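Here is the structure we will look at.
Read-outs: derived from the displayed coordinates by stated rules, not from any lab. Computed from a predicted model, the values in this text were never measured in an experiment. No Cβ is skipped: glycine too gets one built from the backbone with ideal geometry, and neighbour counts run over all protein chains shown.
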Amino acid sequence: MVVEAFSLQTNPRCHRCEEKRIASELADADKKKAEAEKERTDFEDKNKAFDQQRSALLGKAADEAKAERERLIDEAKRMRKPCG
């Protein structure tokens, strides 16, 4: 870990070194937080797009199923009519 290596190289009694270490850790934490927020936003955007696609596909499938049902009912009615 980078922080441990840095800590070993500095004098633990030196306040300036300790301040630098803390500042470095805070900067690293800020960077990780920003990356996590970006990843969360990306995930939410992808999830929203997926939900929209899923909804559209389910709607299309329902419409196709309804049309096929009506076609089969019409075909069955035609087959039941007596000839002549």
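Counted by Cβ distance under 13 Å from Arg54, the other residues give a net charge of +2, where Lys and Arg count +1 and Asp and Glu count -1. Under 23 Å of direct C-alpha separation, and excluding same-chain neighbours fewer than eight residues apart, Lys48 reaches these lysines: Lys33, Lys38, Lys60. Segment Leu58..Arg80, full-extension length gain: 4.6 nm, with 0.36 nm per residue of separation and the alpha-carbon distance subtracted.
Between Arg71 and Glu18, what length comes free when the chain is fully extended (0.36 nm per residue of separation minus the Cα-Cα distance, one decimal in nm)?
Values: separation 53, 0.36 × 53 = 19.08 nm, distance 7.84 nm.
Working it through step by step, the gained length comes to 11.2 nm.
Across the stretch 49-55, computed HN-Hα scalar couplings (Karplus, 6.51 cos²θ - 1.76 cosθ + 1.60, θ = phi - 60°) run 4, 4, 4, 5, 5, 4, 4 Hz from first to last residue, x flagging Gly and Pro. Across the stretch 64-79, computed HN-Hα scalar couplings (Karplus, 6.51 cos²θ - 1.76 cosθ + 1.60, θ = phi - 60°) run 5, 5, 5, 4, 5, 4, 5, 4, 5, 5, 4, 5, 5, 5, 5, 6 Hz from first to last residue, x flagging Gly and Pro.
All other residues whose Cβ lies under 13 angstrom from that of Asp42 are scored, Lys and Arg at +1 and Asp and Glu at -1, for a net of -1.
Taking a straight Cα-Cα cut-off under 18 Å and skipping sequence neighbours fewer than 8 places away in the same chain, the aspartates and glutamates within cross-link reach of Lys81 are Glu70.
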